[in-house]
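Read the structure below first, then the notes.
The values are calculated or read from the model by the stated rules, or taken from the named source; none is laboratory data. Since this is a predicted model, take the numbers as computed values, not measurements. Cβ placement follows ideal geometry from the backbone for every residue including glycine, while neighbour counts extend to all protein chains displayed.
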Amino acid sequence: MVLDRFKIQNGGANQMTRRKFITTTGATALALGTASSALSKTKAQAKPKSSKRKVSTERAPKPVGPYSQAIVAGNTIYVAGQGPFDPQTGKMPASFEEQAVQVFENIKAIVEAGGAKLADVVNVNVYLGDLANFAKMNEVYRRYFSGDFPARATVGTQLLGGMGIEVACIAVKG
């Protein structure tokens, strides 16, 4: 034990009693514990700086519900599903091809507002109101993405408001 080693090192002279050792070291430990506890509480009360921030641009439609156009977390941009609405007029184009172009223009605007470019997109989810438009969507898609294409899923589903297409994506900056 520490107390026995203390006695041996000091040849028994000025021997510290067990009670004195416990009392003095206990008080020191208690003081250190209290200071450490106070420091921990101060650190816990200081809110950590979040690496998450909202992306918003006038070049894409404003959200119509409780969601953001995109969120940047670290160097990753998570873009919410975008419909084919013109951000200036709020109108949706009539043809599928025009809708697809508008969706990808909206995606491009949001990704750029988040500090990246379409070449940084790593994942795309495409939702089609009619899977018969798959080839037309691919035609428009190739205008926006080339080379190492992002990973992609395409799903046929019923979309709100008569939309023919909705697209969400993830981009990694740099």
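General remarks:
- Within the stretch 76-89, residues that are free of Cβ contacts under 8 Å to residues at least 12 places away in the same chain reach partners that are exposed (fewer than 15 other Cβ atoms within 10 Å of the Cβ) with beta carbons closer than 9 Å, at six or more positions or on different chains, in the pairs 88/58.
- Residue tally, condition touching a residue at least 40 places away in the same chain (Cβ under 8 Å), more than 27 Å from residue 65 (Cα to Cα) and of a type outside the set (Lys, Arg), over the stretch 121-143: 2
- Among the residues of the stretch 80-117, those identified as β-branched (Val, Ile, Thr) and either closer than 14 Å to residue 57 by Cβ or not assigned by TED's automatic domain parsing to the domain that holds residue 145 (or both) are 107, 110, 111.
- Residue 110 being part of a strand (DSSP E or B) and either modelled with pLDDT of 95 or more or surrounded by fewer than 15 Cβ atoms within 10 Å (Cβ to Cβ) (or both): no
- Selection count where residues are charged (D, E, K, R) and part of a loop (DSSP other than H, G, I, E, B), scope the stretch 113-144: 2
- Any hit, the stretch 73-93, residues being out of contact with any helix residue (DSSP H, G or I) (no Cβ under 7 Å at 6 or more places or on another chain) and among the acidic types (Asp, Glu): no
- In the stretch 113-170, the residues that are surrounded by fewer than 19 Cβ atoms within 10 Å (Cβ to Cβ) and among the charged types (D, E, K, R): 117, 130, 136, 139, 142, 143, 148, 152
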